[in-house]
Amino acid sequence: MDRKQTMVIPNFIKSLFIVLAMVTGAVATLATFATSAQSQSANPNVVPLNPPQPVENDGKIEVLEFFAYGCPHCAALEPKLDAWAKKLPPDVKLKRVPGAAALRGIDNAALFYTLEAMGMQEKLQQKIFDAANVQNVILGNPATLNSWLDKQGVDIKKFADIQKSFSIQNRIARSKAMSNDYKIASVPTVVVNGRFAAQVPGGESGQDQFFVNIDKLIADARPGKKVAEHKSGKTHTAVAHAKK
């Protein structure tokens, strides 16, 4: 065997090991996802997304809340969700996505993104829920909405101008496309890392169990995190403290 042949064999073996390492890594990733999906399959309030949706590559676990202002369940969930969000760990981010369904005639995306651009969304979020679902203000009527916003200190002309802007119209269109891509059939729905969708279970403890489910999905989504058996009430992220 000449010198060239003796060099080819080690190089071939080295390349083979590299390919095997890549395949092993891919199989491990698929196995982790499959195990997570299997662990959630017995939970009727957690559904795997098919297909999974892309997330930003920023090293954080993405949590999306799809909601509608005219949804009484979203309104009831809002205080606990807000408290939970304020105590999230640094590797988790929550984004609110207005749902496409105009419950009570309210254009969720137009209202949400316009107020967000004006720096007033956080201040008015709970007030909008209460007005629509508790006080029965007909916010789906443009004149009534403008009158209500004016009482909250919103510049109505500026509101209308911002809502017509290209950037806001683009965000409105994007949010409606996301409801379709994520196959959102009802609200509130929370999606964790583009993989699983969770909904609020029925019953008196439904909201508490909802956050237990989300916390488990977040724990399972962490890189290198071994998927553990689900045990109701045992959580490792912010929700356990939010209840205090």
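Which pairs in the list Lys95/Lys183; Lys93/Lys158; Lys80/Lys216; Lys86/Lys123; Lys95/Lys164 are over 21 Å apart, alpha-carbon to alpha-carbon? Don't jump to the answer; show the numbers that get you there.
Numbers: Lys95/Lys183 17 Å; Lys93/Lys158 30 Å; Lys80/Lys216 17 Å; Lys86/Lys123 15 Å; Lys95/Lys164 23 Å.
The answer is Lys93/Lys158; Lys95/Lys164.
Once amide H atoms are placed 1.01 Å from N in the peptide plane, what residues at a sequence separation of 5 or more from Val92, or on another chain, have their amide H within under 5 Å of its amide H?
Excluding prolines and chain starts, which carry no amide H, the hits are Ile61.
Along Cα→Cβ, 7 Å out, is where each label goes; now give me the distance between the ones at Lys95 and Gln152 in nm to one decimal.
Simple spin-label model gives 2.3 nm for this pair.
Roughly how many Å² is the accessible area per residue of region 41-129, as a whole number, for a 1.4 Å probe?
Normalised by residue count, the accessible surface of region 41-129 is 45 Å².
The values are calculated or read from the model by the stated rules, or taken from the named source; none is laboratory data. Just so we're clear, the structure is a prediction, and the values are computed from it rather than from any experiment. For neighbour counting, all protein chains shown are included, and Cβ atoms are generated from backbone atoms with ideal geometry for every residue, glycine included. Each accessible area value is taken on the protein alone, full model and side chains, heavy atoms only, with ligands, DNA and RNA left out. Shrake-Rupley method; radii C 1.70, N 1.55, O 1.52, S 1.80 Å.
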